[in-house]
Each structure stands twice: as C-alpha cells, then as structure tokens.
Amino acid sequence: MPRRPGRPSKLTPERRKALVDAVAAGSYYEPACRANDISYTNFRAWFLKGEQQESGEYHEFYKDILRAEA
C-alpha cells in the first residue's frame, strides 16, 4: 500500500476516544481539546469535515461527538 503524502493526522484512535469521553463527561469542546493537546481549530475542522462526509474516520468522529453530547 503506498504511503499517503503529508503529515499523519493527530486524530488517533486514542485521542478520539479521549475527546469523546471528555465530551460525554460534560466537558465543553475547548477544555476537552486543551486536555488532549489539540487545538480547537483542529477539532472544529475534523468535526466539520465529518459533518460533510457520508463515511470515513471524520464522519465517525462527528457521529461519536454528537452521541456523546446526547
């Protein structure tokens, strides 16, 4: 499998779970991002990208965050 160009995403499975868990525990987005060494700008970009996609890792992240808020 050929390598994808560019830097690897900071949205690792571990970080994704930590962000979702923080939101599920009642944390607002910005404090959840700070606690997980992610800028709110990156979080928002991943969230919006997931909202626009119909499948893929960003869409799953978007759905996980929405479920965590419920």
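The values are calculated or read from the model by the stated rules, or taken from the named source; none is laboratory data. What you see is a predicted model; the values in this text were computed from it and never measured. Because the Cβ atoms are built from the backbone with ideal geometry, glycine has one as well, and the counts that use them run over all protein chains shown. All accessible areas refer to the heavy atoms of the entire protein, side chains included, with ligands and DNA or RNA removed. Shrake-Rupley method; radii C 1.70, N 1.55, O 1.52, S 1.80 Å.
Report, by residue number, each residue of the range 18-56 that is without any contact (Cβ under 8 Å) to a residue 40 or more places away in the chain, aliphatic (A, V, I, L, M) and under 19 Å from ALA70 (Cβ atoms). Don't jump to the end; show me each part of the working.
To start, the set of residues in the range 18-56 that are without any contact (Cβ under 8 Å) to a residue 40 or more places away in the chain comprises 18, 22, 25-56.
Cutting the leftovers down to aliphatic (A, V, I, L, M) gives us 18, 22, 25, 32, 35, 38, 45, 48.
Selection gives ALA18, ALA22, ALA25, ALA32.
State all residues of the range 33-54 that are open to solvent by 50 Å² or more (accessible area, probe 1.4 Å), among the small types (Gly, Ala, Ser) and within 10 Å of the chain's Cα centre (by Cα); if no residue qualifies, say none. Write out each step before concluding.
Taking the range 33-54 as the starting set, the residues that turn out to be open to solvent by 50 Å² or more (accessible area, probe 1.4 Å) are 34-35, 37, 39-42, 44-45, 48-49, 51-54.
Cutting the leftovers down to among the small types (Gly, Ala, Ser) gives us 35, 39, 45.
Within the range 33-54, just ALA45 meets the criteria.
For the range 55-65, give me each residue that is within 11 Å of the chain's Cα centre (by Cα) and more than 16 Å from GLU14 (Cα to Cα).
From the range 55-65, those within 11 Å of the chain's Cα centre (by Cα) are 57-65; that's our starting set.
Correct list: HIS59, LYS63.
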Looking at GLU57, GLU69, GLU14, GLU30 in this structure, which one is surrounded by 14 or more Cβ atoms within 10 Å (Cβ to Cβ) and acidic (Asp, Glu)?
GLU57
